[in-house]
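Here the structure is laid out as structure tokens; the discussion comes afterwards.
The values are calculated or read from the model by the stated rules, or taken from the named source; none is laboratory data. Please read these numbers as outputs of a predicted model, since none were measured by experiment. Cβ: placed from backbone, ideal geometry, glycine included. Neighbour counts: every protein chain shown. Note: areas computed on protein heavy atoms with side chains; ligands, DNA, RNA excluded. Shrake-Rupley method; radii C 1.70, N 1.55, O 1.52, S 1.80 Å.
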Amino acid sequence: MSPMNVQVSPEGSLEVLSKLEAGKLLDSSESALHELFRNCSLAVLNCGGQVDDSKAVFEKYRNFDIRVLPTARGVRLELINPPQSAFVDGEMIRGIREHLFSVLRDIVYTRFEIVGDPKFDLSESRHVTDAVFHILRNANCLVPDVPPNMVVCWGGHSIDRGEYEYTKEVGHELGLRGLDVCTGCGPGAMKGPMKGATIAHAKQRIRKPRYVGISEPGIIAAEPPNPIVNELVIMPDIEKRLEAFVRTGHGIMVFPGGVGTAEEILHLLGILMHPENKYLPFPLVFTGPRQSAGYFEQIDRFIEATLGQEARKRYEIVIGDPAQAARQMKDGVDLVRQFRRHHDDAYYYNWLLHIEPAFQAPFVPSHENMAGLALHRNQPPHALAANLRRAFSGIVAGNVKADGIRRIEQEGLFEIRGDRSILDPLDELLSTFVAQKRMKLPGTKYEPCYRLVA
């Protein structure tokens, strides 16, 4: 069959479906879910594309489509005008095929079993946490009876070669210590740790290493899953994606990045600074090569200027020493194991971590919402962190997400308003990201999608 019109069958959890389940999948392909499914599927098929602009990806492949075909055994997918990079000699790459059906699994499950189920009231905090749990469990990402060993690695997709090589070295050191890796699943600092860990896991003869990638529909086209990911999960929005990271990870390593990485840092620090999480161990290590020392000094200054000294106590900075960064992470993960055993908490899902609704409610980065953010000091530090996180989330949307890019084209720049004592360090940090070319992929001219108004 011509690669312009291809049919593919699933492997794994979607091989056998009931007629009711197959009917739901068929219905979803004919409903409003179709565009969402199409866009996420295109992102997966475009693995390796050197574009971080979702709108540009959708424009380039505007003739692409995907259809769900019911069969006696379940479903098959028909791809129309898919990216040729997904095929080798006319056969779809096996990892990409697995990712494609992971997209189908998660989007349909979320629609029918989470959003469409009245037992989940997603305006309630505990229901959000339960929903995240159910999505991860349905994806077989929650593995019981395994000691804590999952390290989440955050960092930018737009990093230089030296920083990328460093992420591989750290991943190698993590893998030598028997630690698995979870990332946002894209390129750059999301791919490097997995690549390094694969070699280390092979050296240690670890038979079933885990490379977990967690994405969401708004970002996946700009950061398509890298081919090392062997467990892909698509969460319904950025907030549930972030909660999935902190609930399943036993520690977090942060590499150099841009506004998306800053958003992740603020999300986690805001959670850890809540009084109910004061004594809960959660290793957080910032690390990069020596040439990136200035980057972390800038991040550290920003955190001190906005959130204060207490926030700085929740992380360690290791520069130019991959082995030491991995040792600190391993020691921290061992403390997590002891704590969870003592408190009878699950190894595979951090139920004891308290997360406020401000970190769970989806933030729509409209011009009105961006201008209305509470960026002032008349609030607890963890509440300020939640609002700063939203500001960075809006900038991410304006930079790479199709909806955000369209909003900027139609209504102009986002205005971010607040106290000068908050906006001045924010301006300094964002200006540094622009100067260091951390906003877009190398070779792409960055046009700001925001302006700060004190």
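For the range 151-167, filtered to residues that are surrounded by fewer than 22 Cβ atoms within 10 Å (Cβ to Cβ) and closer than 12 Å to Pro193 by Cβ, the residue that is farthest from the chain's Cα centre (by Cα) is Glu165.
The conditions of being more than 22 Å from the chain's Cα centre (by Cα), at pLDDT 95 or above and of a type in the set (D, E, K, R) are met by Arg340. For Ser54, the criteria (1) surrounded by fewer than 19 Cβ atoms within 10 Å (Cβ to Cβ); (2) at pLDDT 60 or above; (3) under 29 Å from Pro187 (Cβ atoms) hold in every case but one, which is (1).
Annotation: Ile303 fulfils all but one of (1) surrounded by fewer than 21 Cβ atoms within 10 Å (Cβ to Cβ); (2) of a type outside the set (Phe, Trp, Tyr); (3) closer than 26 Å to Val181 by Cβ; the unmet one is (1). The numbered conditions (1) farther than 29 Å from Gln309 by Cβ; (2) under 18 Å from the mean Cα position of the chain (by Cα) are all true for Ile355 except (1).
In the condition set (1) at pLDDT 95 or above; (2) over 23 Å from the mean Cα position of the chain (by Cα); (3) open to solvent by 20 Å² or more (accessible area, probe 1.4 Å), Tyr279 is compliant with all but (1). Listed by first and then second residue, the pairs with beta-carbon distance under 6 Å, at least 6 apart or on different chains, first residue in the range 347-374 and under 27 Å from Asp403 (Cα atoms), second open to solvent by 20 Å² or more (accessible area, probe 1.4 Å) and assigned to a loop (DSSP other than H, G, I, E, B), are Pro362/Asp237. Being under 22 Å from Ile96 (Cβ atoms), in a loop (DSSP other than H, G, I, E, B), at pLDDT 95 or above and not hydrophobic (A, V, I, L, M, F, W, C) is a description that does not apply to Pro217.
To keep it simple, each residue is scored yes or no on (1) outside any helix (DSSP H, G or I); (2) closer than 23 Å to Tyr166 by Cα.
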| position | (1), (2) |
| --- | --- |
| Ile252 | yes, yes |
| Gly257 | yes, yes |
| Ile265 | no, yes |
| Ile271 | no, no |
| Leu280 | yes, no |
| Val285 | yes, yes |
| Gln298 | no, yes |
| Phe302 | no, no |
| Ala305 | no, no |
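Restricting Ile220, Ile214, Ile228 to those that are among the hydrophobic types (A, V, I, L, M, F, W, C) and out of contact with any Phe, Trp or Tyr (no Cβ under 7 Å at 6 or more places or on another chain) reduces the list to Ile220.
Filtered by the rule that a residue be under 12 Å from Gln7 (Cα atoms) and outside any loop (DSSP other than H, G, I, E, B), the range 71-92 gives Val75, Arg76, Leu77, Glu78, Leu79, Ile80, Glu91, Met92.
Here is the figure for the range 94-107: residues that are open to solvent by 20 Å² or more (accessible area, probe 1.4 Å) and among the aliphatic types (A, V, I, L, M) total 0. Selection of first residues in the range 391-416 that are farther than 21 Å from His157 by Cβ and open to solvent by 10 Å² or more (accessible area, probe 1.4 Å) and of second residues that are in a loop (DSSP other than H, G, I, E, B) and of a type outside the set (S, T, N, Q), restricted to Cβ pairs under 8 Å at least 6 apart or on distinct chains, gives the following pairs, ordered by first then second residue: Arg407/Pro365; Leu413/Pro448; Leu413/Cys449.
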